[in-house]
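Undergrad: Okay, handing you the structure first.
Every number here is computed from the coordinates shown, using simple stated rules; none is lab data. Treat the numbers as computed from the prediction; the structure is a model and nothing was measured. When we count neighbours, we look across all protein chains shown, and the Cβ atoms used for this are built from the backbone with ideal geometry, even at glycine.
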Amino acid sequence: MLGSGWLGLRLARQLQRANTEIKLSTRDSEKQSLLVKQGFDAYQIDIETPADFSQFLDADTLIINITNKNKMAYEQLIKQIEQSPIKQVLFISSSSVYQNTNDWVREERQYENEESILWQIESLFRQSSEFSTSIIRFSGLIGPQRHPGRFFRNGKQVKQADAPVNLIHLDDCIGIIEQLLEQHVWGEVLNGCADTHPSKKQFYRHAAELMNQPVPDFNQDNAASYKIVSNDKVKTLLSYQFQYPDLMSIPASAYE
């Protein structure tokens, strides 16, 4: 797994509990030492720094879960992947690759913003004939240490308050990834987003109240530009059942 951040490290622990052999990467040497102490086979890797990643890439499947947007660095990484034993790549992406249509968006070309650097990076992986790539486009991530009640503190204003939210809980991110790996679903693009899309005003008011935080200031901007991310495909293709389908019903304990 390339990347061991907020989602990646929790996913790695879950896979480790399932007795999956896993290698982890981090850009930080101190974090690498910490990961080794936690029982991980950890490597210090920065894709922008030219190096031989062959030892790290000696695996069947590569999960890429980093925030880097350097297209040239990914081009060099792909060359190394193509020379490695890796046959499957799971690229963790974002629903930000979709255009704001003021309507539903699905995993189809007509909704995608081809000027998005992230979309262009996705395409680099999908174009390779040396390995098969699946892409999961997650919406905004919430969960432990990412309580939405904290997103708009200290007078930070919620803009376009009437626009719908696109969010997903950490546990569902991990659940979707696990099901994709278990079912060997490759060559697909999937959205990861909860069923419900309350307005920003509804959701962030509720989230603040859940934490006993002051309700944020809402900007009633009538010229809202938004999208509503559909999760129909992930539920159909993987038969995935969301643990937290309704954002307004997520209990406070799910953020601890």
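Undergrad: Name the residue, out of Thr196, Thr20, Thr133, whose mean-square fluctuation peaks in a Gaussian network model built on the chain with Cα pairs under 10 Å.
TA: Per the Cα network of the chain with a 10 Å cutoff, Thr20 tops the list.
Undergrad: Over all directions, how big on average is the projection of the convex hull of the alpha-carbon atoms in the stretch 159-256, in square nanometres?
TA: Working: hull surface 28.2 nm².
Its Cα hull, projected and averaged over all orientations, spans 7.1 nm².
Undergrad: Moving on to the next point. If you put +1 on each Lys and Arg Cβ and -1 on each Asp and Glu Cβ, how big is the dipole of the chain around its Cα centre, in Debye rounded to 20?
TA: On the way: 26 positive and 32 negative charges, 142 e Å.
Charge dipole of the chain: 680 debye, to the nearest 20.
Undergrad: Please state, rounded to one decimal and in Å, the Kirkwood hydrodynamic radius that the chain gives when every pair of distinct Cα atoms enters the mean of 1/r. Please list the in-between numbers first.
TA: On the way: mean 1/r = 0.0516 Å⁻¹.
Computed over Cα pairs of the chain, the Kirkwood hydrodynamic radius comes out at 19.4 Å.
Undergrad: Let me ask something additional. How much length is gained on full extension from Arg146 to Glu108, taking 0.36 nm per residue of separation minus their Cα-Cα distance? Write out the running numbers ahead of the final one.
TA: Details: separation 38, 0.36 × 38 = 13.68 nm, distance 2.95 nm.
Contour length minus Cα-Cα distance gives 10.7 nm.
Undergrad: Now, a different point. Which residues in the stretch 136-177 place their backbone N less than 14 Å from a point set 7 Å from the Cα of Met211 along the Cα-to-Cβ direction?
TA: Once the point is set 7 Å along Cα→Cβ of Met211, 141-158 turn out to lie under 14 Å by backbone N, inside the stretch 136-177.
Undergrad: Could you check which residue among Pro85, Pro50, Pro198 shows the biggest mean-square fluctuation in a GNM of the chain with a 10 Å Cα cutoff?
TA: Pro50
Undergrad: So, one more: Amide H of Thr133: which non-local residues (sequence gap of 5 or more, or other chain) have their own amide H closer than 5 Å, using H built in the peptide plane?
TA: Excluding prolines and chain starts, which carry no amide H, the hits are Val89, Gly187.
Undergrad: Spin-label point model (7 Å from Cα, Cβ direction): what's the Lys156 to Asp195 distance in nm?
TA: Inter-label distance under the simple model: 3.0 nm.
Undergrad: Rounded to the nearest 5, what % of the DSSP beta bridges within the chain are antiparallel ones?
TA: The antiparallel fraction comes to roughly 10 percent.
Undergrad: Once the convex hull of the C-alpha atoms of the stretch 48-89 is built, how many Å³ does it hold per residue, rounded to a whole number? Mind dumping the intermediate values first?
TA: Details: hull volume 2.9 nm³, N = 42.
It comes to 70 Å³ per residue, whole-number rounded.
Undergrad: Straight distance only, please: which lysines reach the Cα of Lys71 with their own Cα at less than 30 Å, same-chain residues fewer than 8 apart left out?
TA: Lys23, Lys31, Lys79, Lys87, Lys227, Lys233
Undergrad: I'd like the distance between the alpha-carbon centres of the stretch 221-256 and the stretch 140-183, rounded to an integer number of Å.
TA: Computed from Cα coordinates, the inter-centre distance equals 9 Å.
Undergrad: Between 0 and 90 degrees, rounded to the nearest ten: what's the tilt of helix 117-127 against the longest Cα principal axis of the chain?
TA: That helix lies at roughly 40 degrees to the long axis.
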